[in-house]
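Below is one structure, written out as structure tokens, with a few remarks after it.
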Amino acid sequence: EVKKGEIVSLIGANGAGKSTLMMTICGTPQASSGQVIYDGEDITRMPTHQIMRKSIAQSPEGRRIFARMSVLENLQIGAVTSDPSRFNKDLGFVFDLFPILGERRQQRGGTLSGGEQQMLSIARALMSRPRLLLLDEPSLGLAPMLVKQIFDVIGQINKDRGVTILLVEQNVHQSLRLAHRGYVLANGEIILHGHGDELLANPDVRNAYLEGGT
């Protein structure tokens with residue numbers, strides 16, 4: 001469950017099912033059982049393009065930007081489901097969040113650094129004005145300074161715009177420190193859940209994810 005206005009962190013080992021859950025929310029693959037309920041509506045069997053028009057956006061694992069398109073063209077793709085009259089305002093918003101993208105707006109996405117590509121992936125998702133933002137491993141492969149910047153931006157998006165965020169992240173300390181609540185996933189099942197600070201203090205979580213993973 002992710003309540004309106006929350007940041008909810010989903011943690012677990014590789015192969016636990018975190019990214020699969022993210023993709024299932026977006027309709028690919030479709031759930032083999034159970035339901036995905038969004039804003040009171042069952043979206044389990046909806047095709048992905050219809051789900052994306054319900055103010056849900058994803059920044060996927062591995063960024064998956066359009067490498068041959070410019071930064072600006074990637075952002076235009078992200079705005080396809082949004083009101084065209086808001087484009088310039090939304091563009092200004094993401095350039096305020098990530099000034100380097102404004103400087104590189106005509107540069108091909110594939111020539112950006114890893115950190116800049118991650119910024120572009122998040123910015124592209126924000127161009128659709130989502131109410132629910134799915135972030136899959138936003139700090140993966142980034143230098144510590146950039147990791148802090150990315151997490152600061154995630155907090156800002158939630159606080160200033162009220163965007164609800166479901167966050168999958170291997171950096172357990174950062175993600176739980178930021179999150180209002182968290183879930184621990186193992187082999188496709190929820191084994192723990194609670195407030196972010198509660199999970200950070202939980203001996204099992206600390207042993208498995210924060211103190212050497214023993």
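The values are calculated or read from the model by the stated rules, or taken from the named source; none is laboratory data. Remember, it's a predicted structure, so these values are computed and weren't measured experimentally. Every residue, glycine among them, receives a Cβ derived from its backbone with ideal geometry; neighbour counts consider all protein chains shown. The area values use the complete protein model at the heavy-atom level, side chains included, leaving out ligands, DNA and RNA. Shrake-Rupley method; radii C 1.70, N 1.55, O 1.52, S 1.80 Å.
Each DSSP beta bridge with both residues in the stretch 124-214 is either parallel or antiparallel, and the antiparallel ones are about 55%.
To put it simply, the accessible area of the chain at a 1.4 Å probe is 49 percent carbon and sulfur. The label-point distance for D160 and T48, in a model that sets each label 7 Å from Cα toward Cβ, rounds to 3.0 nm. Here the stretch 173-214 is described by how far its Cα atoms reach on the three principal axes: 24, 23, 14 Å, from widest to narrowest.
Largest mean-square fluctuation among G114, G141, G27, in a Gaussian network model of the chain whose springs join Cα atoms under 10 Å apart, belongs to G141.
Computed about the Cα centre, the dipole magnitude for the stretch 44-87 is approximately 140 debye when only Lys and Arg (+1) and Asp and Glu (-1) carry charge, each at its Cβ. Across the chain, the volume of the C-alpha convex hull divided among the residues equals 121 Å³ per residue.
Between H180, H49, H193, find the one with the highest GNM mean-square fluctuation for the chain; connect C-alpha pairs within less than 10 Å. Evaluated over the chain, the most mobile residue of the options is H49.
Between S32 and K89, what FRET efficiency follows from the Cβ-Cβ distance if R0 is 41 Å, with the result rounded to 0.05? Intermediate results must be reported in sequence, preceding the final value.
Values: r = 41 Å, r/R0 = 1.00.
Efficiency, from the Cβ-Cβ distance: 0.50.
Each part gets one Cα centre, and for the stretch 123-191 versus the stretch 21-48 those centres are 20 Å apart.
In summary, the helical segments of the chain meeting the span-like criteria, namely a full DSSP H run, a Cα extent along the axis of 20 angstrom or more and a mean Kyte-Doolittle hydropathy of at least -0.5, are 144-161.
What the Kirkwood sum gives for the stretch 109-183 is a hydrodynamic radius of 12.7 Å, with every pair of different alpha carbons counted. So what does the Cα-only Debye profile of the stretch 1-78 read at q = 0.11, 0.14, 0.16 Å⁻¹, as log10 I(q)/I(0), no solvent term? Reported log10 I(q)/I(0), two decimals: -0.36, -0.58, -0.75. Once the 1.4 Å probe is applied to the protein heavy atoms, the stretch 64-143 comes out at 46 Å² accessible per residue.
Antiparallel as a % of all DSSP beta bridges within the chain, to the nearest 5?
Values: 9 of 26 bridges.
If we restrict to bridges inside the chain, about 35 percent are antiparallel.
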